[in-house]
Amino acid sequence: MSQGMTMMCSLRSIQKISFREQKFWQVRPSAKKKKEKKMKYLFLVFLMNLLSQYAGKPLKRDGSYLKSFEDIKNEIAGYTDITKAIIDLAVHGKAQNRSYERLAIFADTIGPRLSGSKNLDAAIKYMFSALQEDGLENVHLEPVKVPHWERGEEFAMMLEPRNQSIAILGLGNSVATPPEGITAEVIVVASFDELHKRAQEAKGKIVVYNEPFISYGETVQYRVQGAVEAAKVGAVASLIRSITSFSIHSPHTGGQNYQPDVPQIPTACISVEDAEMLSRMSFRGTKIVVHLKMGAKTYPDSPSFNTVAEIVGSKYPEQIVLVSGHLDSWDVGQGAMDDGGGAFISWEALSLIKDLGLRPKRTLRLVLWTGEEQGGIGAKQYYQLHKENISNFDIVMESDEGTFKPSGLGFTGSAKAREIVKEIMTLLQPINATDVYDNADGTDIDYWMRDGVPGASLHNDISKYFWFHHSQGDTMTVQDPNQMNLCAAVWTVVSYVIADMEEMLPR
């Protein structure tokens, strides 16, 4: 019997005694008062003794008591054997290399998966069947409307000072050139500031941005805003140096945004090598003329789906631990790294838990997002559909920055939640992936984190990630099966322990 039940039974006993004594002493008023005084004294002593047992333990809404951090540490330590079993199965056992092999079949069979494309439709159908065959629960598709843009035929040729083909990849949502293309002189700038200072020179020209790579987060503004800023000064097109620190003559595509009050001009990325060549020529005062032709088209939004599967919780099935990656990609390479790896280690987390015969207290939900590359379109619609149950989301997890050698997690949440996550990460000492970094990163989970739901993202070695990002180089050759095994182990341990602990992470 719990201490709370003991207290209730004791209170009832006191009440019964009091009632009987009242009946008995009705004919003896003076003795009755003495008896009542004695009973009040005994009750006060009993209550003080009971309260001392719960000193420092705050009361939850349901009348039970929150665990102290020492209790939580002991609870987490109890998952040591399960952690070992997960690592052994993922890294050394029968599931070794499984996430890699599954991804290889998928990537080789389907290829790149641009929003609105037939390839993405095929990918969703493939995963729907695969998750069912894996024996997961509640496998279903949730409808989403996604943008549909196609790049069409595109090329660029330098005509002066000599003929030279320039490798390009049109940026997402770019408009086309006129059917005959655009032939214009080039102006090369290294920054928006330089462009604005030379605004008079830019009118009627093709702006080439040769911006130095500082970091992805800082440098990507040239890809996102480059066409708008060039159009503001009267340019007819913009070519942006690819957002990467290393290149082998390979342009990198990605999203870009137009503004309603600014003319829309064609825009594409070029390789680092071509951008630097054009910059050197311009610095020497050489006149540069480029012919650009792009056949891009934008169609009405297309139907698509977020793909969902679960392991239903044994005790709190309405509470959710969400693991995720995005299924769509750009239309180059195979989308193996961005984000096939993240999607497939998220699937692997549920597979490993199922293989071990485990069923956490909370529901573990896999979501494979659609339309992430267009700004988290699928995730936004998922959030709108499920936000009314936001209090039941324990943590949202997304892997979308590669599946290379893991070092830990990025985490967003309260200080108390962070301490709990740090304690969970100590379980991963056997594979040296115990660090907790500031701020989870993931377009698809941002909506939830902004509303206070704890969030986590896989933290791994991304030193070469942007070499291949959004390029023809994003293929299975980039992926390493051993590193994917380790990432899957991290993802599984964290999601399972959080889903199985008695209490949700504090907001």
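The values are calculated or read from the model by the stated rules, or taken from the named source; none is laboratory data. It should be emphasised that the depicted structure is a prediction, and the values quoted were computed from it without experimental measurement. Glycine gets a Cβ as well: all are built from the backbone with ideal geometry, and neighbour counts include every protein chain shown. Heavy atoms of the whole protein, side chains included, go into the accessibility calculation; ligands, DNA and RNA do not. Shrake-Rupley method; radii C 1.70, N 1.55, O 1.52, S 1.80 Å.
A few notes on this one:
- Residue match in the stretch 136-144 (condition: open to solvent by 40 Å² or more (accessible area, probe 1.4 Å), part of a loop (DSSP other than H, G, I, E, B) and not polar (S, T, N, Q)): no
- Residue within the stretch 149-165 that is more than 24 Å from the chain's Cα centre (by Cα), among the aromatic types (Phe, Trp, Tyr) and not in a helix (DSSP H, G or I) present: yes
- Among the residues of the stretch 207-221, those that are outside any helix (DSSP H, G or I) and open to solvent by 50 Å² or more (accessible area, probe 1.4 Å) comprise 212, 213, 214.
- Residues that are in a strand (DSSP E or B) and farther than 14 Å from residue 251 by Cβ, drawn from the stretch 271-298: 289, 290, 291, 293, 297, 298
- Qualifying residue in the stretch 111-131 (condition: among the basic types (Lys, Arg), out of contact with any strand residue (DSSP E or B) (no Cβ under 9 Å at 6 or more places or on another chain) and surrounded by 17 or more Cβ atoms within 10 Å (Cβ to Cβ)): yes
- Inside the stretch 62-109, residues that are surrounded by 17 or more Cβ atoms within 10 Å (Cβ to Cβ), under 17 Å from residue 478 (Cα atoms) and not polar (S, T, N, Q) make up a count of 7.
- Of the strands (runs of 3 or more DSSP E) that lie entirely inside the stretch 382-496, not one contains 3 or more residues that are in contact with a Cys (Cβ under 8 Å, 6 or more places away or on another chain), within 24 Å of residue 112 (Cα to Cα) and open to solvent by 10 Å² or more (accessible area, probe 1.4 Å).
- For the stretch 235-270, the candidate set comprises residues that are in a loop (DSSP other than H, G, I, E, B) and of a type in the set (Gly, Ala, Ser); within that set, the residue that is nearest to the chain's Cα centre (by Cα) is 254.
- Residues satisfying the stated conditions in the stretch 177-203, i.e. touching a strand residue (DSSP E or B) at 6+ places or on another chain (Cβ under 7 Å), open to solvent by 40 Å² or more (accessible area, probe 1.4 Å) and assigned to a loop (DSSP other than H, G, I, E, B): 198
- Scanning the stretch 247-289 for residues that are within 21 Å of residue 225 (Cβ to Cβ) and either among the aliphatic types (A, V, I, L, M) or without any contact (Cβ under 8 Å) to a residue 40 or more places away in the chain (or both) returns 259, 260, 261, 262, 263, 265, 268, 270, 272, 275, 278.
- Odd one out for residue 365, checked against (1) open to solvent by less than 20 Å² (accessible area, probe 1.4 Å); (2) under 22 Å from residue 503 (Cβ atoms): (1)
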